[in-house]
Amino acid sequence: MTAIDVARVRKDFPILARTVRDEKPLVYLDSGATSQRPNQVLEAEREYTEQHNAAVHRGAHQLAEEATDAYEDARANIAAFVGAKPDEVVYLKNATEGINLIAYAMGNASTSGPEAERFALGPGDEIVVTEMEHHANLVPWQQLCQRTGATLRWFGVTGEGRLDLSNIDELVTERTKVLAFTHQSNVLGTVNPVQTLVRKAHEVGALTVLDACQSVPHGVHGQSGVDFGALGVDFAVFSGHKMLGPSGVGVLYGRSELLQAMPPFLTGGSMIEMVRMAGSTFAPPPQRFEAGSMMIAQAVGLGAAVDYLKLLGMGAIAEHERELTAALLRGLGEIPGVTIVGPETTEQRGAVVSFTVDGVHPHDVGQVLDSYGVAVRVGHHCAWPLHQRFGIPATVRATPYLYNELSEVDTLFEGVRAAQEFFKV
Amino acid sequence: MQLDSMYQEIILDHYKHPHARGLREPFDGESFQVNPTCGDEITLRVRLDGEQVADVSYDGQGCSISQAAVSVLTDLVIGRPAKDALATMDAFVELMQGRGKVEPDEDVLEDAIAFAGVAKYPARVKCALLGWMAFKDALVKANAVDAEK
């Protein structure tokens, strides 16, 4: 496996060369929130816009043809990258929209005819999630339960930050219609046992929904990229902006057979088969789920981001991130008063390291780090219930990526020590 | 150094040694406020004596800026007419939303002028205002002021 030449990679990311707050070199450790974009992605968007821009799937002119090809080629590329067929990949604005799409489609199924019955929910049915979910994979399910009368249940989290599977047989039962969970926690870094959960869900006939926002961009250590087909999940979502791509584009993966049977969420232009004043029928997937004008340049940019990731190799990326994670866990672990929230080894764990500092509020830690040029996220990271589980209001979260040097984590440690000194703890 | 412009000594003092902290009885209005981006929260109570703010008591968790701001708030409003307290609040809100371009009036804001540096950091403005939002809401609950005002 070729290691990543970080110095060379960094040259592709203009933003990493800038300084912040009094000429401090930028140490960007917030890729879990949004990643930076390489020139290759910007160039792809620019080239598309300058040379091929047109509406897709309509128009008989040459630009329309080229735009459609660019849009669909990017789809095929992204699909192959995650072990899917092109018609299993739906473009959306972000992963949140993807979960909502499934939840609303299921809500629509609950009030429509027998053809969509497998997606229908009602009183007595259950949706199972976990306590470590991002709000995006929690709130839409709460809402769906409210609309349909179904019941929400959830897996707890152990003190170490692993999923507590001890009551899996009581939680996932014949009543379970959906099992929705994150591949990798955006706070703890924990990589969840997808196979165990998928097997259990399929035993009881439940649909699985995987939040892959924090796994697709990074790969999973010891494997190459994330392969939805191999994982056996029914649905999955991820966001472009967390994987070197543009904002405004995300992906919903759904097994062909399911997307073909699922009712639409947003309706209108581009997603129809036939429209009469009295009613309409719908296009086959993925078009059925892409109503209205889509984010074409962004989709093309995401395709270029996939090319970039493939060029470096997901195995090499995962290995590089494992080294960064090990350095973070070790360095933070050595600072008295710092508590890591989540697994303390790199075993089944990705490059997300959250922590607290005794006596210094995460916001204040973040402010001191910012004065050192270090960009981290502070707060509950859209996983408020998980923080409640650990009895803390917030954490500081460092999320390195393929373009971070090992030396950069030292600046983080220096900043944390400075925060302790500044607040005299 | 930039940090010192945000974390003035006055702010750190109030953070380490908060004034009027703790929830007290009796009270006429109570408000619970959260900052949904960071999870900080405060419960704040107001006791009135006619037009006067007789006491403000509070409990909660938050960063140095939010905790110091509410401590300063108690200094500024306890023992003063509710109407005047809200005028002070207006001056403070104006300062905080001024992106560092508003010159604070020390006669009105007293220790709160120390927050002028915080106004340059838009992400922290909400922290400084959390306690004040709770104060205004508690006054509304106590029927001391009109909710529209």
Please pick out the residue among B:Val118, B:Val125 that is within 14 Å of chain A (Cβ to nearest Cβ), within 13 Å of the chain's Cα centre (by Cα) and hydrophobic (A, V, I, L, M, F, W, C). B:Val125
Taking the residues in the stretch A:22-60 that are charged (D, E, K, R) and closer than 28 Å to A:Ala383 by Cβ as candidates, determine which candidate is surrounded by the fewest Cβ atoms within 10 Å (Cβ to Cβ). A:Asp30
Number of the condition not met by A:Ala394 [criteria: (1) within 23 Å of the chain's Cα centre (by Cα); (2) away from chain B (no Cβ under 11 Å)]: (2)
Give the residues of the stretch B:97-144 that are surrounded by 18 or more Cβ atoms within 10 Å (Cβ to Cβ), of a type outside the set (Phe, Trp, Tyr) and not in a helix (DSSP H, G or I), sorted by residue number. B:Pro104, B:Ala142, B:Ala144
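Conditions tested, residue by residue: (1) buried (at least 21 other Cβ atoms within 10 Å of the Cβ); (2) in contact with a helix residue (DSSP H, G or I) (Cβ under 9 Å, 6 or more places away or on another chain).
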| site | (1), (2) |
| --- | --- |
| A:Gln223 | no, yes |
| A:Gly250 | yes, yes |
| A:Phe265 | yes, yes |
| A:Gly268 | no, no |
| A:Ile272 | no, yes |
Scanning for something closer than 25 Å to A:Cys213 by Cα, outside any loop (DSSP other than H, G, I, E, B), within 11 Å of chain B (Cβ to nearest Cβ) and open to solvent by 10 Å² or more (accessible area, probe 1.4 Å), does the stretch A:400-413 turn up at least one residue? no
Matching residues, the stretch A:203-213, being open to solvent by 10 Å² or more (accessible area, probe 1.4 Å), assigned to a loop (DSSP other than H, G, I, E, B) and under 28 Å from A:Asp169 (Cβ atoms): A:Gly205
Can you name every residue in the stretch A:331-353 that is in contact with a strand residue (DSSP E or B) (Cβ under 7 Å, 6 or more places away or on another chain) and closer than 15 Å to A:Glu321 by Cα? A:Gln348, A:Arg349, A:Gly350, A:Ala351, A:Val352, A:Val353
Please identify the pairs in which a residue from the stretch A:52-65 that is within 17 Å of A:Gly292 (Cβ to Cβ) has its Cβ atom under 7 Å from the Cβ atom of a residue that is of a type in the set (Lys, Arg) and outside any helix (DSSP H, G or I), counting only partners at least 6 apart or on another chain. A:Ala64/A:Arg58
Hey, B:Leu73 open to solvent by less than 30 Å² (accessible area, probe 1.4 Å) and modelled with pLDDT of 95 or more or not: yes
Out of (1) of a type outside the set (Lys, Arg); (2) closer than 19 Å to A:Gly248 by Cα; (3) within 14 Å of another protein chain (Cβ to nearest Cβ); (4) touching a Pro at 6+ places or on another chain (Cβ under 9 Å), the one A:Thr19 does not meet is (2)
A:Asp87: passes all of (1) within 21 Å of A:Lys242 (Cα to Cα); (2) within 24 Å of the chain's Cα centre (by Cα); (3) acidic (Asp, Glu) but (1)
When the stretch A:114-150 is examined, which residues are found to be under 25 Å from A:Glu290 (Cβ atoms), open to solvent by 30 Å² or more (accessible area, probe 1.4 Å) and not in a helix (DSSP H, G or I)? A:His134
Does B:Asp28 count as without any contact (Cβ under 8 Å) to a residue 12 or more places away in the chain and either open to solvent by 50 Å² or more (accessible area, probe 1.4 Å) or away from chain A (no Cβ under 13 Å) (or both)? no
List the pairs whose first member sits in the stretch A:99-116 and is at pLDDT below 85, whose second member is open to solvent by 30 Å² or more (accessible area, probe 1.4 Å), and whose Cβ atoms are under 9 Å apart, counting only residues at least 6 apart or on separate chains? A:Glu115/A:Ala261
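Listed here are the residues, each with its yes/no results for (1) of a type in the set (A, V, I, L, M, F, W, C); (2) under 12 Å from A:His218 (Cα atoms); (3) within 14 Å of chain B (Cβ to nearest Cβ); (4) under 22 Å from the mean Cα position of the chain (by Cα).
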{"residue": "A:Met314", "(1), (2), (3), (4)": "yes, yes, no, yes"}
{"residue": "A:Glu319", "(1), (2), (3), (4)": "no, yes, no, yes"}
{"residue": "A:Leu324", "(1), (2), (3), (4)": "yes, no, no, yes"}
{"residue": "A:Gly342", "(1), (2), (3), (4)": "no, no, no, yes"}
{"residue": "A:Gln348", "(1), (2), (3), (4)": "no, no, no, yes"}
{"residue": "A:Pro362", "(1), (2), (3), (4)": "no, no, yes, no"}
{"residue": "A:Tyr372", "(1), (2), (3), (4)": "no, no, yes, no"}
{"residue": "A:Val376", "(1), (2), (3), (4)": "yes, no, yes, yes"}
What is the number of the single condition among (1) farther than 27 Å from A:Ala7 by Cα; (2) out of contact with any helix residue (DSSP H, G or I) (no Cβ under 8 Å at 6 or more places or on another chain); (3) away from every other protein chain (no Cβ under 12 Å) that A:Leu386 does not meet? (3)
When the residues of the stretch B:85-96 are narrowed to those that are closer than 23 Å to B:Glu51 by Cβ and either more than 14 Å from the chain's Cα centre (by Cα) or surrounded by fewer than 15 Cβ atoms within 10 Å (Cβ to Cβ) (or both), which ends up nearest to the other protein chains (Cβ to nearest Cβ)? B:Asp90
Exactly one condition in (1) more than 14 Å from chain A (Cβ to nearest Cβ); (2) open to solvent by 30 Å² or more (accessible area, probe 1.4 Å); (3) more than 27 Å from B:Gln2 (Cα to Cα) is not met by B:Asp59; state its number. (1)
Flagged in the stretch A:358-388 as free of Cβ contacts under 8 Å to residues at least 24 places away in the same chain, open to solvent by less than 20 Å² (accessible area, probe 1.4 Å) and of a type in the set (A, V, I, L, M), in numbering order, are none
I'm told A:Val416 meets every condition in (1) in contact with a Gly (Cβ under 6 Å, 6 or more places away or on another chain); (2) more than 27 Å from A:Ala212 (Cβ to Cβ); (3) of a type in the set (Val, Ile, Thr); (4) away from chain B (no Cβ under 13 Å) except one. Can you identify the failing condition by its number? (1)
Which of the residues that make up the stretch B:1-25 are in a loop (DSSP other than H, G, I, E, B), open to solvent by less than 40 Å² (accessible area, probe 1.4 Å) and in contact with a helix residue (DSSP H, G or I) (Cβ under 6 Å, 6 or more places away or on another chain)? B:Ala20
Read through the list (1) more than 30 Å from A:Val409 (Cβ to Cβ); (2) modelled with pLDDT of 95 or more; (3) acidic (Asp, Glu); (4) over 25 Å from the mean Cα position of the chain (by Cα), then give the number of the only condition that A:Asp5 fails. (1)
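The values are calculated or read from the model by the stated rules, or taken from the named source; none is laboratory data. The structure displayed is predicted, hence computed values, not measured ones. Every residue, glycine as well, gets a Cβ built from its backbone with ideal geometry; the counts of neighbours run over all protein chains shown. Ligands, DNA and RNA are excluded from the accessible area calculation, which covers all protein heavy atoms including side chains. Shrake-Rupley method; radii C 1.70, N 1.55, O 1.52, S 1.80 Å.
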